[in-house]
Structure formats: structure tokens, C-alpha cells
Amino acid sequence: MLSIFHLLQNKIVLWWLLIVNVFGTIYGYYWYGYQLEKTEPHFIPFVPDSPTASLFFLFCTDWIFI
């Protein structure tokens, strides 16, 4: 468990997490675009397997840098 905390304190690892999740989120919105178009906007955060979850992770990762 201590190695995970040590790993997450490394700025290079956090940058890679940020970069990979940016591309994954963009591709996820492309992949699930048809499903998200049919979903009412106030339900989008609750769609399972939605790229919105990785978008929230991006916000959290970005918050760590601040």
C-alpha cells in the first residue's frame, strides 16, 4: 500500500495518468456518442460506462496539481 502512495506522489506518473485519461475521455465520448445523444442532459452523469467518469477523474487529477 505504501508503494501505491509513493507512486501517486510522483509527478511523472500523475502526468501520464492525466495524458492517458484525456485521450481515453475523448475517445469515450466518440464511442458512446450515440448513447449520450439520446440521454437527457441531467442524466448524463449517471450513465453507466460513460466517459463522464473519466472526465471526473481528470478533474480530480488536475486538482492534485493545484
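Things to note:
- Phi to ³J(HN,Hα) by Karplus 6.51 cos²θ - 1.76 cosθ + 1.60 over segment 44-53, Hz, x for Gly, Pro: 4, x, 9, 6, x, 6, 8, x, 5, 5
- Counting only protein chain heavy atoms and rolling a 1.4 Å probe, the accessible areas of Val20, Val47 rank, largest first, as Val20, Val47.
- Kirkwood estimate for the chain, i.e. one over the average of 1/r between Cα atoms, Å: 13.1 Å
- Accessible surface for segment 1-58, divided over its residues, is 83 Å² per residue with a 1.4 Å probe.
- Only protein atoms count toward the accessible area here, which uses a 1.4 Å probe; on the chain, the carbon and sulfur part of that area reaches 74 percent.
- Over the chain, Cα pairs under 8 Å with separation of 6+ residues give a relative contact order of 38 percent.
The values are calculated or read from the model by the stated rules, or taken from the named source; none is laboratory data. Given the structure is predicted, the values throughout are model-derived calculations rather than measurements. Just so you know, the surface numbers come from the protein's heavy atoms only, side chains and all, with ligands and any DNA or RNA stripped out. Shrake-Rupley method; radii C 1.70, N 1.55, O 1.52, S 1.80 Å.
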